Structure formats: C-alpha cells, structure tokens
Amino acid sequence: MKPNSGQSTTKDAFAVAVAHANIALIKYWGKRQEELNLPAVGSISLTLDSLRTETTIHFDNTLRTDQFELNGKTVSGAPLQRVSNFLDCIDSARPYASVTSTNNFPTAAGLASSASGFAALALSASAALRQNLSRQALSKLARQGSGSAARSVYGGFAEMKCGDNQKGDDDFAVPLFDEDYWDIRMLIAITSTEKKSVGSTQGMNNTAQTSPYYDAWVQSQSSDLKEMRAALKAKDFEKAGELTEYSCFKMHGLAMSARPALLYWNDATVEAIRIIRDLRQNGTAAYVTIDAGPQVKILCLPGAVDDVKQALETVDGIKKILVCRPGPAAAIKSLEKA
Ligand code: 2P0
C-alpha cells in the first residue's frame, strides 16, 4: 500500500492493455497550461497499426515503491517519476504498482512512443483499478501523461480539441474516422534509433517562450484543422497530403525559430524530403511529415507504396522502412494474471 492510503487493493488489480502510436497530420506544438498538460492548439492524427505498445500493470500491496520496466530494462529517475505522477492522477490513494511496457519500435526517437505508452498506461491502470472510463475520460486522462497520447485512445483518424477551460474539461480527443474508413498508408523511414536530444515538452516550452512566430502559429491552427477535416471527409488525398506537409514544415519552421533553434533533422531526413518531392514532380502522390526527431513519415495511397519504398531505398542513412496502415483503438488485452 502507498503510505496513508487507508484503502486496500482489490485482489485482481492487474491489467494488460495495448495501444498504437499515432502520427499527427496537423501538428500539436505548444501548451497553454503545463500542470494539466493543456495544448495551445488542436491537432489531427492517424493511428498506425505497426507501432504498438503493450503495458502490464499490477497494483501490489507488497510493493514499497513503484517499479517501471521499459523494453526489458528497469527504469529509475525522471521517467519512473513521470509514471508515478501519472498513476497518482488516476488515484492518489492507489497501491504501489509494477509497470512493464514493451514497444515494438524505437523509443523516444520521434516515433510517438509517449503517445502509445501513455494511452496503454491510462487504459491498463484505470481498468485494473476498475474505473470504467468513457473514451472521452480516458483521452483526458492520457493527455495528462502526454498530449499526443490523448489521440491514441482512438483508431484511425482522431482530433485533439484545444479547449479554453482552465481545468482542462474540454481538452480531449474525439474520433473522426475509424481505421476502416480509408485504405491509406504511412511509410516510416528510420534514420536514427538514438534518443532525441531535446524532448518534446522542453522543445515546446522553449518555442513558446522565445519564437517570434509562436502567436501566428497558434492563431493559424484552426483553419488548418478545418481544412483537414474537410479533406478527410472528402477522401481528397492530394489535399490531405498537401496539408500534412504544410503543417509539418510550419511546425519545424516554428521550432527552428526558437532560441536556441530546435533542429530535429539529420542528413538522411533532408535527403528523404528531397527524394519525395522529386517523386511527386514525377507524378507519384506522396507527402512527408516529421515529428520531434529525424524519422521521415510518408503518406501515400496503397498503389504508391512500392515507388515510395524504392525511392527511399536510394537514400544513404535510412536504416529501416516500415509500411503502416491505419491502426486500431487502444484495447484491454487481459484483466487476469496469466
Ligand atoms: C504531435 N508531437 O502532434 C506533435 C508533433 C511531436 C511533433 O505531440 O509534452 O510527447 O508529452 O504533451 O505528446 C510530441 O509531444 O508532448 C508531439 P507532451 P508529446 O504529435
């Protein structure tokens, strides 16, 4: 038991949940309030089938501290504290927990591991504690762990809302279209598996405090969101792709205008951007997006996958190419110990 909890855990305070990472087509960058992790802008994302986190949680009265194992390694310090603080958001009188999480993709390298990670943790922990949360409540909870995690609660396309309430009551994601709505692909060119040097939270805060472009970024977001909703509704691939690339470069231009500048790209990132632009000039519809890391994600239709893959294979420094489809919503895998 946690000290002074005054409660006892139920026998089966155990759960396993699975969540998939999502990649923003219209990007989130910046917070309007840090304590509750309220975003300064809304965002629209696509959940991906191939990037998956599985999290097992066991609230255990015999533990004297929280424990966290990520990809087979024991985690301590700030990342463990982040998990503990998050579990306290769910129930501050909870027992200590043992959390085991596995990603099937590189962690903290701009592949949205915090999105799938906190969505899986929110679902497993709330289910283990027998809190039957609505998807909206689950999204709000996941947001407190990581802004992008609010979107991974849903499959397919989701939109994170940016509210104006100081308590964050209106800051949650909503589903737009599920994973079966549009047969679309996102390729991921992995150019580095190193942990990124500047985390998203720090990068966003630095940008908000120092970039002369920050207000313009916040103010122009709602029209991008509106256009993207319409493009998705119409299944207008060229429009959705063009908007995706626009939002990506707008976000990175903003980040580069921070002081000191945030530059997440490496040589292979830039070369991959160039090669996709060439491909497009030659008639293949494909569009890039990049997050807070050097990996390049390419949005295309199924018929263009081979061309995109072949083009990427000519880029020095690309270590691996993943082909992803729209992925499912976060789900409980088990509520029983094996
Ligand atoms: C996004 N990113 O919309 C943007 C685009 C990265 C670039 O959300 O501080 O880990 O935990 O809320 O969600 C990554 O930031 O940030 C992110 P926090 P998060 O996907």
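For (1) within 16 Å of the ligand (Cβ to nearest atom); (2) part of a loop (DSSP other than H, G, I, E, B); (3) surrounded by fewer than 18 Cβ atoms within 10 Å (Cβ to Cβ); (4) not hydrophobic (A, V, I, L, M, F, W, C), each residue gets a yes or a no:
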| residue | (1), (2), (3), (4) |
| --- | --- |
| 68 | no, no, no, no |
| 74 | no, no, yes, yes |
| 92 | no, yes, yes, yes |
| 119 | yes, no, no, no |
| 125 | no, no, no, no |
| 137 | no, no, yes, no |
message = Quick check on my filter: what residues within the stretch 289-307 are touching a residue at least 12 places away in the same chain (Cβ under 8 Å), out of contact with any helix residue (DSSP H, G or I) (no Cβ under 7 Å at 6 or more places or on another chain) and not in a loop (DSSP other than H, G, I, E, B)?
response = 297, 302, 304, 305
inquiry  = Which pairs turn up if I take residues in the stretch 21-32 that are over 15 Å from residue 208 (Cα atoms) and look for partners that are open to solvent by less than 10 Å² (accessible area, probe 1.4 Å) and in a loop (DSSP other than H, G, I, E, B) with beta carbon separation below 6 Å, at least 6 apart in sequence or on another chain?
reply    = none
ask   = If you take the residues in the stretch 272-293 that are open to solvent by less than 10 Å² (accessible area, probe 1.4 Å) and away from the ligand (no atom under 16 Å from the Cβ), which one is nearest to residue 191 (Cα to Cα)?
value = 272
query = Do we have any residue at all in the stretch 33-50 that's under 29 Å from residue 13 (Cα atoms), open to solvent by 30 Å² or more (accessible area, probe 1.4 Å) and β-branched (Val, Ile, Thr)?
reply = no
ask   = Do we have any residue at all in the stretch 238-253 that's within 13 Å of the ligand (Cβ to nearest atom), in contact (Cβ under 8 Å) with a residue 24 or more places away in the chain, closer than 28 Å to residue 106 by Cα and outside any helix (DSSP H, G or I)?
value = no
key: Considering residues of the stretch 255-265 that are within 16 Å of the ligand (Cβ to nearest atom) and in contact (Cβ under 8 Å) with a residue 24 or more places away in the chain only, the residue most open to solvent (accessible area, probe 1.4 Å)   = 265
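The values are calculated or read from the model by the stated rules, or taken from the named source; none is laboratory data. Here the structure is a predicted model, which is why all the values come from computation and not from measurement. Neighbour counts run over all protein chains shown; Cβ positions are idealised from the backbone, glycine included. Areas reflect the complete protein model, heavy atoms only, side chains present, ligands, DNA and RNA absent. Shrake-Rupley method; radii C 1.70, N 1.55, O 1.52, S 1.80 Å.
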